[in-house]
Every structure is written in C-alpha cells, then in structure tokens.
1. For region 111-222, what % of the accessible area comes from carbon and sulfur atoms, probe 1.4 Å?
2. If packing is taken as the average count of other Cβ atoms within 10 Å, what order do 321-331, 114-124 fall into, highest mean first?
3. Pull up the cross-link candidates among the lysines for LYS289, meaning alpha carbon to alpha carbon under 28 Å and not fewer than 8 places away within one chain.
4. How far apart, in nm, are the 7 Å Cα→Cβ label points at SER60 and GLU182?
5. Which of the GluC sites (Glu not before Pro) across region 1-97 are loop residues per DSSP, with 15 or fewer other Cβ within 10 Å?
6. Starting from the Cα of SER154, step 7 Å along the direction of its Cβ; do the same at TRP213; then give the gap between the two resulting points in nm.
7. Let's test the formula: R0 of 41 Å, r as the Cβ-Cβ distance of GLU320 and ILE30. What FRET efficiency results, to the nearest 0.05?
8. Is the C-alpha gyration tensor of region 129-177 telling us rounded, prolate or oblate? Criteria: a/c under 1.5 is rounded; beyond that, a/b larger than b/c is prolate, otherwise oblate.
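The values are calculated or read from the model by the stated rules, or taken from the named source; none is laboratory data. Nothing here was measured: the structure is a model prediction, and the numbers come from that model. Methodologically, a virtual Cβ is constructed for each residue, glycine included, from the backbone with ideal geometry; neighbour enumeration extends over all protein chains shown. In case anyone asks, the SASA skips ligands and DNA or RNA and just uses the protein heavy atoms, side chains included. Shrake-Rupley method; radii C 1.70, N 1.55, O 1.52, S 1.80 Å.
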Amino acid sequence: MNSELSSLQVKDIGEQGLLERLQRFCPPEIIGDDAAVLLTAPEKSLVVTTDMLIDGVHFSNVTTSPEDAGWRAVAANLSDLAAMGANPIGITVGLGLPGEVRVSWVERLYQGMTECLHQYNASIVGGDIVRSPIITLAITAFGQATPNLIIRRSAATVGQAIVVTGIHGASRAGLELLLHPELGQNLNPEEKQSLIKAHQRPNPRLDVLPILWKTLSYKCPIAVAGMDSSDGLADAVVQICRASGVGAILESRQIPLATAFDHWLTKEEALEYALYGGEDFELVLCLPKEPASDLVQKLGQGAAIVGTITPGSTVILHDEHDKFPDKVLSLSQGFQHFCY
C-alpha cells in the first residue's frame, strides 16, 4: 500500500466512498438493498445477539492491531451464539467513526472480522456507518439452533457438574504483557506469545457444540445450562446460578490455568485472572456428572469439571486442601460498566 493510500482518511471519501470499499468484505448477492435476507433451515430457531465495543474501553491500538480488533469483536459475538447452542449465519456491523480515521485502518478492521467469520462459514451481511467523535463498533450476529438443543442460563439443577471448555486467565495475562512488556521475565517467548494470542485472537468455542450433542446422543432429554465466560468464570457461574435459582461450589484446584502461570504468578493471582479477568470466551456448561465427564474427556486441552450445582443461592470458591478459606463469589467483584 503506497503512502498516499495509507494516509487517506474517511472524511476524504465520505460515507458512500467508504461503503463502496467495504462491500468487498460482504457476499455480493446479499448486500445492496435496505435489509439482508437470510435463509434458515426448516425447524430451526433464529438466535440473535448484539455486542458493542468502544475504542479505549474494549480495544486500543496499544494492545490490538485493527485486524485483531476486528477478530475479537466478531469472536465475542460468535461466542454468545455458541453459548446458546447456535451456529452462526452472518453479522451486521454498525460503525461509528471520526472523519480523521484512516481508510486503511477501517479496511484492516474488516479484514480481521472476515478472517474470523470465514472459519465458521459466516459473512458480514450488512450494517451502517455514521460519524462519531469516537470509534464505536456494534455487531449483531445471527445464528440458528435446533429448538430443543438451545442452551439457557436458567436450566441448571442441583447435583449437576460445572464444566469449563478450556483454560481461564490467559487473555487477561496476555493483556498485562501487552500493557507492561517488562512483566513475565520468567516466561519463554513461546509462552508469552501464547498468552498474547489468547487476548488478541480468541476462538469462540463453536467446536464444542457437535461434541456436546453427540455426548448427549441427541435423544437424552437433558436440558443443558450454560453461558460463555467473556466476563470471567466467576461471573458466568454466578449468572447461571442466579437465573436457575441455585447455588454452586467451585473447586479452586480444578480450575484449568495456563502452565505459564506456574513460574510467573502466585496461585492467588492466577485465580484472580481466571475468575475475573474475562475475555477467555470459553463455555461454562452445567449437565449431569456422567455426560460431563465424557464431554471433558472428549474435549481435552484444558477442559475440566470445576464444581457442582448446589441448593441455595450462594456461589462458593472452595480449596479442597483447606489452605485457603472459602470465598463467596459475586458479580460485584468483576468488571462492571459505569463502576469507576
């Protein structure tokens, strides 16, 4: 890209000029009208989710390239679909931009979005662009699911096992390394890069769904409860318990952590990252113990049973070796918008 093109700003080409450039990221047979028309399979439910990201709150040029920002924005929405048991169809993108933003930055943002989408045979199918004093990205994702296989937060029952589909805390660790390069001196380059990649290029766990349904054999009348851990593992478990009217015990030593933490963070720090760091985009699922064990074995790679659904309404972090006292987990301990 020559210097003239790379310095081109949004205000230089206007809304229509920018839309013309961005249309190449969308299927030509879908865009061009006032709304997109998406065909879904018979006997399927349409699942819709929206996520908004703001420059300086959810992404920053200090920690993410435009491509990574686009990838992460899509991954967050696809993770919500996975948490509902839905497979993606497409997304629409609402983009607010200052006129001084370089066109090349916007194109790179869309490149990252399409790279993530193409892994799951989904596309950008429309959207809107407006002038804004700050970069704002609002994505609406559309998915489809079989009605009796939809995962809901409110379906957890006493005695069920709590499964996580992978390690937690890696994204938070990667962010810390990007913000503070002097940290992690005991980590080798591969460990550092792995943690940074976990933050910049997370993978929504859509791959879990076919394994989950196969484990349950489709015929088993088990309602699976769950959500993703985008706001942290503690948040996910508390939200599920609140929606289901139950409590839970989490075993601190069963929570899967990155091996790199062993020679970098204390146990308390590692657990803090896992419980409240957020943006790991793993799934937290509640189902009976036997299929839960089968699912963990099939998933491998950090999947684990981390606790049990209990009567009551309290969510407790427990240390089976009694080195640390029980701790009550709540939503107020994690990140909350409008709390400063």
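1. 53
2. Working: 321-331: 12.4, 114-124: 18.6.
Final packing ranking: 114-124, 321-331.
3. LYS214, LYS219, LYS267, LYS298, LYS323, LYS327
4. 1.6
5. Details: sites: GLU4, GLU15, GLU20, GLU29, GLU43, GLU67; in loops: GLU29, GLU43.
Answer in residue order: GLU29, GLU43.
6. 2.3
7. Numbers: r = 53 Å, r/R0 = 1.29.
The pair GLU320/ILE30 has a calculated efficiency of 0.20.
8. On the way: a/c = 3.30, a/b = 1.38, b/c = 2.39.
In terms of gyration-tensor shape, oblate.
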